[in-house]
Amino acid sequence: MVTVYDVAQACGLSIASVSRALNGQPGVSQATAERIARIAGELGYQPNEVARSLVAGSTQTIALLVPDITNPFFPELVKGVQSVADENDLLLLLVDAPKDADELRPRLAALQRKQVDGILLVASALDGRTEELFGDVPAVLLDRGRSGRHATVRVDQEAAGYAATRHLLDAGHTRIGHLAGPEVLEVSQDRRAGWARALTEAGLPVEDRLVLAGDFEEEGGHRAGAQLLDRNPDLTAVFAANDLSAIGLLALCAERGIDVPRELSVVGLDGIELARYTTPALTTVAQPIRELGEAACRSLLALISGGGPVADVTLPTRLVAGASVHVVNRDAAVAVGVPR
Ligand code: RIB
């Protein structure tokens, strides 16, 4: 393996001069630095990243912890983070974010030992003790996690739940169930609050029996959807807290011969690409998923560069109209959302 010593010998210069030039540090003329780089290239010199990071005080590495890479929402989020990491020559470590704080803590501690420059976390489980584990490592909470000690980048989840339910109300529905996300997550709590606010605003009762929690996956949507419909046979619409839950509900309706949208209208939330290809195409409140990843990485870079605290970022959602909502009241049709 070619070392910096070999490069120095070939250049007839000191190791210190060559090391400064190869690490882009001052103290070497431009012409000499170019000559060193040329000779290093000719020798096939590969910088020792560990040594370089010790010199630069940075590993040029950030970590992104996400809870479920089998859900299409998260790979899209990763692509957004990756695009900004690439722009800044950063290595991105993708780590599974466990649902349990006791499992999360050792992973955060390991990242700290690895000297990552910063952490992006989709926080399914974050308690005070865990937040301490970030230590002085710059960190941004992405998608989940309430504003507080760390900057956040997310959408207004309550408003998203409200918009989904409002769309069904505007189409004339008055018996609207809610297929909720995991109750422990604040994104689920906020979306349910938006559903409840829309019903209350319309003068409709908000009853617990109208809500059943899934698990943000197709199976949970199918299972909890069945229970919701069994418990409320008079429902004409359901707001599902994420698209995968809605897809599970669509499968249940197909099994039971329930016509979507005529017998049951369904609205999801996320705007994953798969939602375009369900039968019928799912109407959904789309999150700017890739933009969330891009914005979170930019916020983290601002923190790393020491530019002081960064503000929370809230991005807008938009209603994407598919074919899963039946307009019960023609006069209400004007409220239908953005066509695909
Ligand atoms: O579909 C997965 C859900 O978990 C999304 O709604 C996203 O907001 C994440 O929190």
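The figures follow:
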| read-out | value |
| --- | --- |
| Breaking point among (1) β-branched (Val, Ile, Thr); (2) within 18 Å of the chain's Cα centre (by Cα); (3) under 20 Å from Leu282 (Cβ atoms), for Val184 | (3) |
| Qualifying residue in the range 254-276 (condition: in contact with a Phe, Trp or Tyr (Cβ under 7 Å, 6 or more places away or on another chain), not in a strand (DSSP E or B) and not hydroxyl-bearing (Ser, Thr, Tyr)) | yes |
| Given (1) closer than 11 Å to Gly293 by Cβ; (2) away from the ligand (no atom under 14 Å from the Cβ); (3) in contact (Cβ under 8 Å) with a residue 40 or more places away in the chain, index of the condition Leu77 fails | (2) |
| Within the range 287-312, tally of residues that are over 13 Å from the mean Cα position of the chain (by Cα) and among the aliphatic types (A, V, I, L, M) | 7 |
| Flag if Ala251 is under 23 Å from Val327 (Cβ atoms) and out of contact with any Lys or Arg (no Cβ under 8 Å at 6 or more places or on another chain) | no |
| Given (1) within 13 Å of the ligand (Cβ to nearest atom); (2) without any contact (Cβ under 8 Å) to a residue 40 or more places away in the chain; (3) closer than 15 Å to Leu282 by Cβ, number of the condition Asp190 does not satisfy | (3) |
| Hey, Phe134 buried (at least 16 other Cβ atoms within 10 Å of the Cβ) and touching a Pro at 6+ places or on another chain (Cβ under 7 Å) or not | no |
| Count of residues meeting criterion [within 23 Å of Lys114 (Cβ to Cβ) and modelled with pLDDT of 90 or more] in the range 14-53 | 0 |
| Residue among Ile36, Ile69, Ile62 that is part of a loop (DSSP other than H, G, I, E, B) and not basic (Lys, Arg) | Ile69 |
| Near pairs, Cβ below 8 angstrom, 6+ apart or cross-chain, from the range 119-134 (away from the ligand (no atom under 13 Å from the Cβ)) to any residue that is assigned to a loop (DSSP other than H, G, I, E, B) and aromatic (Phe, Trp, Tyr) | Ile119/Phe134 |
| Scan of the range 151-181 for residues that are in a loop (DSSP other than H, G, I, E, B) and surrounded by fewer than 23 Cβ atoms within 10 Å (Cβ to Cβ), ordered by number | Asp156, Gly172, Thr174, Arg175 |
| Meets criteria (under 23 Å from Asp170 (Cβ atoms) and in a helix (DSSP H, G or I)) for Ala251 | no |
| The range 1-19: number of residues that are without any contact (Cβ under 8 Å) to a residue 24 or more places away in the chain and more than 13 Å from Pro47 (Cβ to Cβ) | 9 |
| Meets criteria (surrounded by fewer than 22 Cβ atoms within 10 Å (Cβ to Cβ) and either of a type in the set (S, T, N, Q) or touching a residue at least 60 places away in the same chain (Cβ under 8 Å) (or both)) for Arg209 | no |
| Residue in the range 103-111 that is in a loop (DSSP other than H, G, I, E, B), modelled with pLDDT under 95 and either among the polar types (S, T, N, Q) or in contact with a helix residue (DSSP H, G or I) (Cβ under 6 Å, 6 or more places away or on another chain) (or both) present | no |
| Meets criteria (more than 16 Å from the ligand (Cβ to nearest atom) and within 21 Å of Gly181 (Cα to Cα)) for Leu300 | no |
| Among (1) buried (at least 21 other Cβ atoms within 10 Å of the Cβ); (2) in a loop (DSSP other than H, G, I, E, B); (3) within 16 Å of the ligand (Cβ to nearest atom); (4) not polar (S, T, N, Q), the one test that Val184 misses | (1) |
| Residues of the range 216-256 that turn out to be away from the ligand (no atom under 16 Å from the Cβ), farther than 25 Å from Asn329 by Cβ and not basic (Lys, Arg), as a count | 7 |
| Verdict on Leu141 being touching a His at 6+ places or on another chain (Cβ under 6 Å), in contact (Cβ under 8 Å) with a residue 12 or more places away in the chain and within 16 Å of the ligand (Cβ to nearest atom) | yes |
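The values are calculated or read from the model by the stated rules, or taken from the named source; none is laboratory data. It should be emphasised that the depicted structure is a prediction, and the values quoted were computed from it without experimental measurement. Using ideal geometry, Cβ is built from the backbone for each residue, glycine included, and neighbour counts are taken over all protein chains shown.
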